[in-house]
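The structure under discussion appears below in the form of structure tokens.
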Amino acid sequence: MTLNELVRPNILKLTPYTCARNEYTGEARAWLDANENSRIDGLNRYPDPLQTEVKRRLSEIKGVDASRIFLGVGSDECIDLCYRVFCRPGIDNVVAIDPTYGMYAVCAEINDVEYRPVKLNPDFSIDEEALFSAVDANTKVMWICSPNNPTGNAYPLEQLERIASRFEGITVVDEAYVDFSEQGSMLRHLDKYPRLVVMQTFSKAWASAAMRLGTAYAAKDIIDIFNNVKYPYNINILTQREAIKVLADHRHVADVADELVKARDVLAESLAGLDCVVKVYPSDANFLLVRVTDADSLYGRLKDAGVIVRNRSRVTLCEGCLRITVGNEDENNLLIEKIREYGI
Ligand SMILES: *Cc1c(COP(=O)(O)O)cnc(C)c1O
């Protein structure tokens, strides 16, 4: 399918909101176009609607042209935009691996788009035949999260490429946890797949969840449409300034991610030695999926002790499982201590 066939007709013919800041870049002598209050300095000016400086720096770090970068209020905005841009409510559908990140299904429901979950194999690998059996002529988006939340595993890049080339709609690869994986990123293949969207976020390895900044990388024609549909000033100036600071420090971020991966592997080993732990699944992310003898009771006991984990025991293929984020040293020690006190 061509992009024109994939995009909703109303979005294709949309006349986007324009502001003078889209038309003029540079230092004006007087900004009298936006009804701002110029008598008080501080946060009185609207931010750059296209976040030029943030994208320039991100472009250097990621090796992706700035015209192929979209910035959203977290990945959540990027996810929602995929529905609003591509899926006709009540008509189109999306296909996703199951289990996976919950926001894909929530946004589908909000946008009145049918959500088709396709169960993973018991080892959390993708059943490609089942995935493509769920596809029909109205399937616009396929959601693949790699490394996957909550299962923790990454999918081989060859498999992601195979899916992206076979699927005629928009393949989204959500790489929120990519910095913790040895698998590498699909960004290197962006040029090859004109309908591929790769999502990353500042919320995990970049340690900036409070900033609310997510990234979508795609062909320029897709990014242009996202920019037409988003709120004009979606990324506020405080976030843009902070992002520029965080990006200046990107080597440090990579080092911290490496440390987290080491801590994850240590934590996995400690957990595996505990009586109530049945299985610690391998992880390419900054969390561990852990099967225990009685997930509800352990979850409750940890909560009473002030240690909050995620109870995933009612999620497909995750019966009896808790999802545990790798914390700092004190947090990890406290977790182990409390599970040890709990016993079997
Ligand atoms: C945490 C997470 C995100 C991040 O969402 P933000 O809105 O950027 O904070 C995205 N995708 C997955 C799979 C996640 O687990």
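Filtering the stretch 85-123 to residues that are part of a helix (DSSP H, G or I) and within 16 Å of the ligand (Cβ to nearest atom) leaves 103, 104, 105, 106, 107, 108, 110. The set of residues in the stretch 179-193 that are open to solvent by less than 60 Å² (accessible area, probe 1.4 Å) and either closer than 19 Å to residue 1 by Cβ or outside any helix (DSSP H, G or I) (or both) comprises 181, 184, 185, 190, 193. Looking only at the stretch 194-223, residues that are open to solvent by 30 Å² or more (accessible area, probe 1.4 Å) and either in a loop (DSSP other than H, G, I, E, B) or more than 10 Å from the ligand (Cβ to nearest atom) (or both) come to 7 in all. Inside the stretch 124-160, residues that are open to solvent by 30 Å² or more (accessible area, probe 1.4 Å), farther than 21 Å from residue 92 by Cα and part of a loop (DSSP other than H, G, I, E, B) make up a count of 3.
Counting only residues that are under 13 Å from the mean Cα position of the chain (by Cα) and aliphatic (A, V, I, L, M), which one in the stretch 52-80 is farthest from the ligand (Cβ to nearest atom)? The selected residue is 71. Among the conditions (1) buried (at least 16 other Cβ atoms within 10 Å of the Cβ); (2) under 30 Å from residue 125 (Cβ atoms), residue 293 misses just one, which is (1). Looking only at residues in the stretch 57-81 that are out of contact with any Phe, Trp or Tyr (no Cβ under 9 Å at 6 or more places or on another chain) and closer than 20 Å to residue 19 by Cβ, the one that is surrounded by the most Cβ atoms within 10 Å (Cβ to Cβ) is 71.
The values are calculated or read from the model by the stated rules, or taken from the named source; none is laboratory data. Given the structure is predicted, the values throughout are model-derived calculations rather than measurements. All Cβ positions, even for glycine, are placed from backbone atoms using ideal geometry, and neighbour counts span all protein chains on display. Ligands, DNA and RNA are stripped out before the accessible areas are found, and what is left, the full protein with its side chains, is counted by its heavy atoms. Shrake-Rupley method; radii C 1.70, N 1.55, O 1.52, S 1.80 Å.
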